[in-house]
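Below is one structure; the comments refer to it alone.
The values are calculated or read from the model by the stated rules, or taken from the named source; none is laboratory data. Note that the coordinates shown come from a computational prediction; the quantities given were computed from them, not determined experimentally. Every residue, glycine as well, gets a Cβ built from its backbone with ideal geometry; the counts of neighbours run over all protein chains shown. Remember, those area values only see protein heavy atoms, side chains included, never the ligands or the DNA or RNA. Shrake-Rupley method; radii C 1.70, N 1.55, O 1.52, S 1.80 Å.
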Amino acid sequence: MASTITVDLGERSYPIIIGSGLLGGGFDLSNYVRGGDCLVVSNDTVAPLYLDKLLPNLAGRNVDSIALPDGEAYKTLETMQLILDKLVDMRANRDTTIVALGGGVVGDIAGFAAACYMRGVNFVQVPTTLLAQVDSSVGGKTGVNHPQGKNLIGSFHQPQAVLIDTDTLNTLPDRELSAGLAEVIKYGAICDAGFFAWLESNMADLVARDADALARAIRRSCECKAEVVAEDEREAGRRAILNFGHTFGHAIENCQGYGEWLHGEAVAAGMIMAAQLSKLPSGDVERLRALVAAAGLPVEPPAIASSDWMTAMGMDKKVQGKQLRFVLLQGIGDSFVSADYDAARLDELTGAAA
Ligand SMILES: NC(=O)c1ccc[n+]([C@@H]2O[C@H](COP(=O)([O-])OP(=O)(O)OC[C@H]3O[C@@H](n4cnc5c(N)ncnc54)[C@H](O)[C@@H]3O)[C@@H](O)[C@H]2O)c1
Ligand SMILES: [Zn+2]
């Protein structure tokens, strides 16, 4: 059984279809594949698992495919060039559709290739990690990394559809599942206290991969993201709340070297720091900490020198006096963006007060 959520962006609106058994022909994607040709972009881990299962969903179309090398290290312009070369080889025209089959790395690169090829072709997301299902496949941010920084090169390019088969999570490593749960917890913390409470009661089932619990968590997360994106597609304001925990999280990723901590793990510890920086009753911080721990995620950041925290968060001497903006909580489920935080508390949290 599938359920559908619409991302409401006027003529660029699109459905997110969520359910079990959707690959293997359980959902006909051809309505979203304009023209006769499509290129499935995947990687060398996911393609052997799911490419054959996706083909019946694209019946009646000429399907070509490419498997990229797996890993964040390959989220580069060089890898994107492989996709563009393939499209040129296929003599793909503007009616070609790119289908991204994989986690956030594949989705981001394939989406950016779709944004660039012939100034933009259609694309469809088939996310296969929990993180990609609840976050990166929805909202239209696409791009690649530059050696000097993550996601520095990219574009907004919305997909025509997002197809989430929850069965794909059965092969996902535990650590990746937990990393995705960090973003799920984020939605509860920033926009829905009821959902946060539901997560508290159901975290054990989620970690045990109960299909119904996962489908429900994915649905509510996508609704939350879809609402925020519909309100502020290009992050002029409110969309920034989706970065709850991310200022600290990105600093952790930066200081540890990418790959040491998964993004979701860094965000998990980062959310607790952001909650501690908020003027919250301590009971709420404890609830967040307990939920993060129950998801199998770290509740403390790694040891990082306070000067490294400051540099990584853009607060080094060169930008002295600059106020950072943080996503803070007023309560569980109620977030806002503010530069008006307690600087002494930030020093305490990053060890600068010691
Ligand atoms: N565009 C956005 O709005 C947005 C939002 C958040 C994150 N991101 C990006 O997403 C990326 C992280 O995505 P991710 O966490 O999905 O990582 P990922 O794409 O690297 O996937 C994690 C690992 O799981 C493997 N995998 C994927 N699906 C699998 C499955 N079903 N079974 C077994 N293995 C599977 C992948 O091959 C990879 O080794 C980062 O590059 C980040 O910048 C983008
Ligand atoms: Zn994130």
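May I ask for the angle, rounded to the nearest 10°, between helix 282-294 and the longest principal axis of the chain, with both axes built from Cα atoms and the value confined to 0 to 90°?
Relative to the chain, helix 282-294 is tipped by roughly 40 degrees.
Give me the log10 of I(q) over I(0) for region 260-317 at q = 0.12, 0.15, 0.20, 0.26 Å⁻¹, as the Debye formula computes it from C-alpha points; what are the numbers?
For region 260-317, the Cα-only Debye profile gives -0.32, -0.49, -0.80, -1.08.
Could you work out, for region 153-261, what percent of all Cα-Cα pairs fall into each 10 Å distance bin, beginning at 0 Å and stopping at the bin that holds the largest distance?
In whole percents, the pair-distance histogram is 12, 38, 39, 11, 0.
If you wrap a convex hull around the Cα atoms of the chain, how much volume per residue is inside, in Å³?
Numbers: hull volume 44.7 nm³, N = 354.
Each residue corresponds to 126 Å³ of Cα convex hull volume.
To the nearest 20 debye, what is the magnitude of the charge dipole of the chain about its Cα centre, counting +1 on the Cβ of each Lys and Arg and -1 on the Cβ of each Asp and Glu? Before the final figure, lay out the partial values.
Working: 29 positive and 44 negative charges, 147 e Å.
The dipole of the chain has a size of about 700 debye.
How are the Cα pair distances of region 1-131 distributed, in percent, across 10 Å bins from 0?
12, 46, 35, 6
For the chain, give the percent of accessible area contributed by carbon and sulfur heavy atoms, probe 1.4 Å, rounded to a whole number.
The C+S portion of the solvent-accessible surface of the chain is 48 percent.
If you build a Gaussian network model of the chain, linking Cα atoms that sit under 10 Å apart, which residue out of Val126, Val41, Val207 swings the most?
Maximum fluctuation in the GNM of the chain, among the listed residues, is at Val207.
With +1 on each Lys and Arg Cβ and -1 on each Asp and Glu Cβ, how big is the dipole of region 1-138 about its Cα centre, in debye rounded to the nearest 20?
My answer is approximately 300 debye.
Helix-only estimate, please: 222 nm mean residue ellipticity of the chain, summing -39500 (n - 2.57) across DSSP H runs of length 4 or more and dividing by its residues, to the nearest 500.
Details: 11 runs with 142 residues, N = 354.
That comes out to -12500 deg cm²/dmol.
What's the center-to-center distance, using Cα atoms, between region 71-85 and region 26-59 in Å?
A separation of 20 Å, based on Cα centres.
What's the Kirkwood radius of region 216-293 in Å, using all Cα pairs?
Values: mean 1/r = 0.0724 Å⁻¹.
Result for region 216-293 stands at 13.8 Å.
Round to the nearest 10 and give me the degree value, 0 to 90, for the angle of helix 104-116's Cα axis relative to the longest principal axis of the chain.
Long axis of 104-116 versus the principal axis of the chain: about 60 degrees.
Could you give the C-alpha radius of gyration of region 58-216 expressed as a fraction of 2.2 N^0.38 Å, taking N as the number of residues it contains?
Values: Rg = 16.8 Å, N = 159, 2.2 N^0.38 = 15.1 Å.
After normalising by residue count via 2.2 N^0.38 Å, the value is 1.11.
Against the longest principal axis of the chain, how steep is helix 246-256, in degrees 0 to 90 to the nearest 10, with axes from Cα atoms?
90 degrees
Assigning unit charges at the beta carbon (Lys, Arg +1; Asp, Glu -1) and nothing else, what dipole magnitude in debye, to the nearest 20, does region 1-62 show about its Cα centre?
Working: 4 positive and 6 negative charges, 12 e Å.
Using Cβ point charges on Lys, Arg, Asp and Glu, region 1-62 gives about 60 debye.
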